[in-house]
Amino acid sequence: MFDNIAFKYDFMNRFLSAGIDITWRKKALKELLKLNPKTILDVATGTADVAIMAAEILKPDKITGIDISDGMLDFGRTKIEKLGLSNMIELLNGDSETINFPDNSFDAVTVAFGVRNFEHLEKGLSDIKRVLKPGGKLVVLECCQPKTFGVKQFYNFYMKVVTPNMGKLFSKNKGAYKYLDESIKKFPEGKNFTTILDNLGYKNTYSKPLSLGICSIYCGEK
């Protein structure tokens, strides 16, 4: 599915969010400023939007992005090469639930709009904790369902009607954007997600809702 929409993925993210997704990503990465990480793993990196932003904002020594979609990775590599960031950012085919790196490998791990796609959420989050160094930090950015009256009704209409039809028009794949709505509804957002992190042994967990609850940042430390 992601291979099929890769050619329009960046455009659809900007279009459907009216560009707000860029601000969300920047805010998520700024949760790592105090940590000043030198090695970062970007899980479900897609077309490497977060990896590229992390290079600009955090200026680490090395960023590794992993994703199971070769189509997404190919677009990401093209963007990285054009920006002259190939020495800093490496993209690899990799599964979030069986991360192919030793224990204690990274200062920070980021996941933007990817955890809701984990087949086994706890397994993926546990393997992320394994590859984090002690004192390392996980930052997750994920879509949510707003609760405020009015916003909730508009959001539901937008996700059920506008998003899949725009997906059909521009990326020729209505099903992929219908899946977006379904996966958000199934995601254990808010306190439910930080509780999962707590139960897996993450410390100092917290969440920050953004844009009237349409999106949230989740953090936890090893």
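Computed from the coordinates by the stated procedures, all read-outs in this text should not be read as laboratory data. For clarity, every value in this text was computed on a predicted model and none was experimentally measured. Methodologically, a virtual Cβ is constructed for each residue, glycine included, from the backbone with ideal geometry; neighbour enumeration extends over all protein chains shown.
Going down the list 62/208; 152/203; 27/191; 152/186; 38/82; 26/123, which pairs span over 25 Å between their C-alpha atoms? Could the numbers behind the result be given before it?
Numbers: 62/208 27 Å; 152/203 32 Å; 27/191 20 Å; 152/186 16 Å; 38/82 23 Å; 26/123 27 Å.
From 62/208; 152/203; 27/191; 152/186; 38/82; 26/123, over 25 Å: 62/208; 152/203; 26/123.
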Everything considered on the Cα gyration tensor (a ≥ b ≥ c; rounded for a/c under 1.5, else prolate if a/b is larger than b/c, else oblate), region 36-133 must be described as oblate
Among all the aspartates and glutamates, which ones have a C-alpha under 19 Å from residue 30's C-alpha, if same-chain residues fewer than 8 places away are not counted? 21, 42, 49, 56, 61, 107, 142, 221
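Quick one: if the Förster radius is 41 Å, what FRET efficiency do residue 148 and residue 200 give, using the C-beta to C-beta distance and rounding to 0.05?
Working: r = 30 Å, r/R0 = 0.74.
Computed FRET efficiency for residue 148 and residue 200 comes out at 0.85.
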Does region 76-159 come out rounded, prolate or oblate, given a ≥ b ≥ c as the square roots of the eigenvalues of its C-alpha gyration tensor, rounded meaning a/c under 1.5 and, failing that, prolate meaning a/b above b/c? oblate
